[in-house]
Amino acid sequence: MSRSFIDDALLSRLASLPIKARAPMLGNVAGKHRSPHRGSSVEFAEYRKYVAGDDTRRLDWKAFARSDRFYIKEFEADTNLRAYFVVDASGSMNFASDSGTKIHLARRIAASLAYLLVNQGDSAGLSICTDKLHLEVPPSRRAAHLERFFSTLENVKPSGETGLIQALHSIAEKINQRSFVVILSDFFIDTATLGNALQHLRYRKHDVSVFHLMDPLELTFQFDRPHRFIDLEDGTSIVAEPNLIADEYKSALRDFLTKVRTKCHEAAADYQLVTTDTHLEPLLRDFITARLPKSKH
């Protein structure tokens, strides 16, 4: 896998960490993730009273001996996970200061997690969106499928305004089973519409994780002379003295970040603010381990 956004050594080190769903999933083959349905995996869930038509092989005769009543053993059904990676390909994702572009970081995160998911027997799909383009790679668990996933990511050329909101509503409508939806964007959009889209995904019972990608310069706004600031999405520009607008900019930025984070939390979505100079391994390791079930004492 000789692509600039794929680190084979990193993937090898992370391969032993399972990526778990936070909510019960629905899949079509046996896998690692809890299902909302009862099944016949090895993990015992609970007893329930026997009713006519139940499989008598699942009767617990020890419980019958204790209570003189028939009980059925139920187990947690395990299922496979279906993941959708939604990558914002609007013009602003091409911004870079001293570190790489936001789209490059999005490629690295999406490709790494997709590889790890397919490697553990789950499926991964990709959705690339601008205001004029919505490319999709349907989810698959075949290893050969990753080549198409990676090629599509590699060929992304950010431009224009975002089509993220429409893409999220589209995914929420057409995915007919619970899935893991990973969104990678700088979220330069109206936060109210973002909140509506996230709530749509929540209503459909999807497990949503958000990576909010920003360049360090966008957060610090450290300029020492007048600059021409260009909107990478609509092409408009303005010349400004940074010292005169820094306080207003930082206040607006704090408000923006708070609103995005709040909309995510209101929709029960994971939220992580990630800058383009972030080291990938600790980011992914922390993300994966945070999703592991907490041990019971």
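The values are calculated or read from the model by the stated rules, or taken from the named source; none is laboratory data. Please read all numbers here as calculations on a predicted model, not as lab measurements. Note: ideal-geometry Cβ built from the backbone for every residue, glycine included; neighbour counts use all protein chains shown.
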Members of the stretch 119-151 that are more than 25 Å from ARG13 (Cα to Cα) and either in contact with a Pro (Cβ under 9 Å, 6 or more places away or on another chain) or touching a residue at least 24 places away in the same chain (Cβ under 8 Å) (or both) = SER127, ILE128, CYS129, THR130, ASP131, LYS132, LEU133, HIS134
Strands (runs of 3 or more DSSP E) contained entirely in the stretch 201-297, each with at least 3 residues that are within 21 Å of ARG107 (Cα to Cα) and touching a strand residue (DSSP E or B) at 6+ places or on another chain (Cβ under 9 Å) = 207-214, 270-275
Strands (runs of 3 or more DSSP E) enclosed by the stretch 117-196 - at least 3 residues per element that are under 15 Å from the mean Cα position of the chain (by Cα), assigned by TED's automatic domain parsing to the domain that holds ALA89 and closer than 22 Å to GLU233 by Cβ | 123-129, 180-185
Counting only residues that are in contact with an Asp or Glu (Cβ under 9 Å, 6 or more places away or on another chain) and either among the hydroxyl-bearing types (Ser, Thr, Tyr) or surrounded by fewer than 21 Cβ atoms within 10 Å (Cβ to Cβ) (or both), how many does the stretch 117-140 have?
-> 4
State yes or no: is ALA21 part of a loop (DSSP other than H, G, I, E, B), in contact with a His (Cβ under 8 Å, 6 or more places away or on another chain) and either modelled with pLDDT under 60 or under 22 Å from ILE183 (Cβ atoms) (or both)?
-> yes
